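Here the structure comes first, spelled out in structure tokens, and everything after it is commentary.
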Amino acid sequence: MGTKRTLHNVLDASGPHRRDLEARRRILAATLEQLEERGYARMTIEQVAVSAKVGKATLYRSWPNKAALVLDAVRSRLKEVPTEETGNTRDELLSVAKQALASFFGSPQVQAVLPALVADTAQNPELRQQLREEVIEPRRARSRTVMERAMNRGDLPQNTDISLALEMWAGAMMFRSVFYGDTYDDATLARMVDATLASPPRLHPDDTDADAETTPGSP
């Protein structure tokens, strides 16, 4: 019997690997298109397979279910959250705002898909949980490292509410993306970062930042 190959482990762009890469791109693009047209609840693996011109079995070998496929398609539109230390807190925070958030919410495909995806998470707790655990939380954890580094430098106060600051950024960009089909330009992002540095949200003395895995300065 032949050996099954998945479309996840594409290591180069030649021969069979190139074909796998091209198929993967078609599948993820078709997934976003179907999600935009039908919403999560109504889209099916079969529809994606037909649109991507691959066999249904090909999809199931790489994605065990619809939720995994949709989340992978969403991730394909995300740039990595930059955590490189440059020595300049403002530049580092601006990179996070621009690359981790603005580039995502400003993508035309994401703007088309996001309302349907958000609406469907309200009716599908499993999808909401997977979206939070597999997409949102890992990216927020990387963003936290940049914020914590700013606190360690003294550029942000030790009682900065990092979670609230990041949620304010993401919430503002998501609002503009969903309701206006627009995104923040570089000048607006700079003002947002400057406002956070000048007057960051603070934790109440009795509060703790529930998302913090470690306190600033701890290993």
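The values are calculated or read from the model by the stated rules, or taken from the named source; none is laboratory data. Everything numeric in this text was worked out from a predicted model, so none of it was measured. Here the Cβ is made from the backbone with ideal geometry for all residues, glycine too, and neighbour counts use every protein chain on show. To get the accessible areas, we keep the full protein, side chains included, count just its heavy atoms, and leave off ligands, DNA and RNA. Shrake-Rupley method; radii C 1.70, N 1.55, O 1.52, S 1.80 Å.
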Report task. Would you please list the contacts, defined by Cβ atoms under 7 Å and residues six or more apart or on different chains, that run from a residue in region 143-156 that is closer than 12 Å to Val96 by Cβ to a residue that is open to solvent by 30 Å² or more (accessible area, probe 1.4 Å) and charged (D, E, K, R)? Result -> Arg149/Glu85
Report summary line: A careful count of residues in region 109-133 that are at pLDDT 85 or above, surrounded by 14 or more Cβ atoms within 10 Å (Cβ to Cβ) and either in contact with a strand residue (DSSP E or B) (Cβ under 8 Å, 6 or more places away or on another chain) or charged (D, E, K, R) (or both) gives 1
Query - Counted residues, region 174-219 - those being within 30 Å of Ala119 (Cβ to Cβ), modelled with pLDDT under 95 and not acidic (Asp, Glu) - result: 11
Report task. Please specify each residue of region 160-205 satisfying the condition of being in a loop (DSSP other than H, G, I, E, B) and over 16 Å from the mean Cα position of the chain (by Cα). Result -> Asp161, Gly181, Asp182, Tyr184, Asp185, Ser199, Pro200, Pro201, Leu203, His204, Pro205
Report summary line: The residue that is surrounded by the most Cβ atoms within 10 Å (Cβ to Cβ), considering only those in region 161-203 that are more than 21 Å from Asn88 (Cα to Cα) and among the basic types (Lys, Arg), is Arg176
**Report entry** Failed criterion for His8 (all others in (1) at pLDDT below 85; (2) open to solvent by less than 60 Å² (accessible area, probe 1.4 Å); (3) within 20 Å of Glu133 (Cβ to Cβ) hold)
**Finding:** (2)
Report task. Quick one: Ala68 ticks every box in (1) of a type in the set (A, V, I, L, M, F, W, C); (2) touching an Asp or Glu at 6+ places or on another chain (Cβ under 9 Å); (3) at pLDDT 90 or above except a single one, so which number is it? Result -> (3)
Requested in this report: Please tell me if Arg139 is assigned to a helix (DSSP H, G or I) and surrounded by 19 or more Cβ atoms within 10 Å (Cβ to Cβ).
Outcome: yes
